[in-house]
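For reference, the structure is listed below as structure tokens.
The values are calculated or read from the model by the stated rules, or taken from the named source; none is laboratory data. No experiment lies behind these values; they were computed from the predicted model shown. Backbone-built Cβ (ideal geometry, glycine too); neighbour counts: all protein chains shown.
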Amino acid sequence: MQDRAWRAESLAAQALGWVDDKTRAITPPIHMSSTFLRAPDYGNERAYIRDQNPAFEQTEALLAKLENGAAAALFASGMAAATSVFMALKPGDHVIAPQMMYWSLRKWLTGYASEWGLKVTLVDMTDLAALAAAIEPGRTKLIWIETPGNPLWSVTDIAACAKLAHQAGARLAVDSTVATPVFTRPLDLGADIVMHSATKYLNGHSDICAGALVTRVADAAWERIVEVRYTLGAIIGSVEAWLLLRGMRSLFPRVRQQASSAAELAQRLAAHPAISHVLYPGLADFPGHDIAKRQMQGGFGGMLSVRVKAGKDAALATAARVGLWQRATSLGGTESLIEHRASIEGPESPVPGDMLRLSVGLEDAGDLYDDLDRALRGGNAPT
Ligand SMILES: *Cc1c(COP(=O)(O)O)cnc(C)c1O
């Protein structure tokens, strides 16, 4: 791949056009070595796998390119990536995060991180006045947002949050797992850090656990985050890094197809007699649709949620009756998943009991609708 301004789709399809100098192989090898031979004068830079795994390099380079960042770092999971951003702060620092966000990270912030001395404030990030009011100039070091936000898919204005953060001398980090670089590039909108659960769309095949961060500038704050990864050993294995690069080659067509099917399902389910609400940023009457239209290019993602008119038991029964949708947690794989989030998150969860979360895969959209329609009407899937 000769160097010129190829589009992101082209860069992803060829994993930046990597070619092995020696063999002319067009996919990278997987080095399993945990250590690397030292030069006689100890002058060589690569020493040990925990911070210098060569298997990370091509994957990180591609992700940095897709997000238009200065550098990327792979982590053991999305949670490892996210928590490393917070662990790089200092006790007494103030952070602001959304009320509605990825459940495990919210629990970690209000529990563990708070016990370790971070001051955590949760606000409704769709309310910019509430965010502005929560900022403590001089003390607030980080604003964390997630858009579209799990599991109600609420949309947060990245550019507006970046402006508020920077005015106060704070940094903005964006969990962009659901938007993916296919639809949104938070760094171009002013964010400082992008986080992905690469377990989801970036890998796309429900077969690894991985996370990633991308930074707009490779400054001292970024170095500190990378140091957290190294010292805590929050790293994936070489095989996982290789699989992630393989998965990212098909990122654009996969995610576009998933979003197109999700949009079709959202339209059809909005007219379904058994459903009271469809939560999907692509629907014109969804709160935040105008912001989504501005900051998401070419689609609104493959995630939606529906609320079942007859209530919680009917929602649970619907999830029990599906035949094509898989009843499982997670998202972003080729197979469509359905989940009753309130059951997973427990009694403290703010998620409505009548809600089902849908991750749209690569099956035929008509099949997905028919299966859900039958389950909603009380029919079991044919065995
Ligand atoms: C899954 C997920 C995470 C956590 O990622 P893991 O890879 O499971 O650790 C964080 N944020 C969002 C939006 C997610 O969907």
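Data for the structure
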| item | result |
| --- | --- |
| Selection within the range 69-116 - touching a Phe, Trp or Tyr at 6+ places or on another chain (Cβ under 6 Å) and away from the ligand (no atom under 14 Å from the Cβ) | A113 |
| Subset tally (residues that are of a type in the set (V, I, T) and part of a strand (DSSP E or B)) for the range 189-210 | 2 |
| Candidates E57, E136, filtered to the one that is of a type in the set (D, E), away from the ligand (no atom under 16 Å from the Cβ) and touching a residue at least 40 places away in the same chain (Cβ under 8 Å) | E136 |
| The range 262-303, subset assigned to a helix (DSSP H, G or I) and of a type in the set (D, E), residue nearest to S336 (Cα to Cα) | E264 |
| Among residues of the range 320-337, those that are under 16 Å from A198 (Cβ atoms), crowded, with 19+ Cβ neighbours inside 10 Å and away from the ligand (no atom under 11 Å from the Cβ), counted | 1 |
| Residue check for P181: near the ligand (Cβ under 10 Å from one of its atoms) and either surrounded by 24 or more Cβ atoms within 10 Å (Cβ to Cβ) or in a loop (DSSP other than H, G, I, E, B) (or both) | no |
| Residue count for the range 338-359, restricted to those that are buried (at least 22 other Cβ atoms within 10 Å of the Cβ) and within 14 Å of the ligand (Cβ to nearest atom) | 4 |
| Count of the range 204-248 residues which are surrounded by fewer than 18 Cβ atoms within 10 Å (Cβ to Cβ) and farther than 25 Å from A191 by Cβ | 7 |
| Total residues in the range 211-225, condition out of contact with any strand residue (DSSP E or B) (no Cβ under 6 Å at 6 or more places or on another chain), aliphatic (A, V, I, L, M) and either outside any loop (DSSP other than H, G, I, E, B) or within 13 Å of the ligand (Cβ to nearest atom) (or both) | 3 |
| Residue in the range 316-326 that is within 19 Å of the chain's Cα centre (by Cα), β-branched (V, I, T) and within 20 Å of L265 (Cβ to Cβ) present | no |
| Pair list, Cβ under 7 Å, 6 or more apart: the range 30-54 residue over 21 Å from T231 (Cβ atoms), other residue outside any loop (DSSP other than H, G, I, E, B) and of a type in the set (S, T, N, Q) | I30/S238; H31/S238; M32/S238 |
| Hits in the range 226-240 (condition: under 15 Å from R50 (Cβ atoms) and not in a loop (DSSP other than H, G, I, E, B)) | V226, E227, V228, R229, Y230, T231, L232, S238, E240 |
| Residue within the range 104-120 that is hydroxyl-bearing (S, T, Y), at pLDDT 95 or above and crowded, with 19+ Cβ neighbours inside 10 Å present | no |
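One line per residue, one yes/no per condition, for (1) in a loop (DSSP other than H, G, I, E, B); (2) not small (G, A, S):
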residue: E335; (1), (2): yes, yes
residue: I338; (1), (2): no, yes
residue: G353; (1), (2): yes, no
residue: R374; (1), (2): no, yes
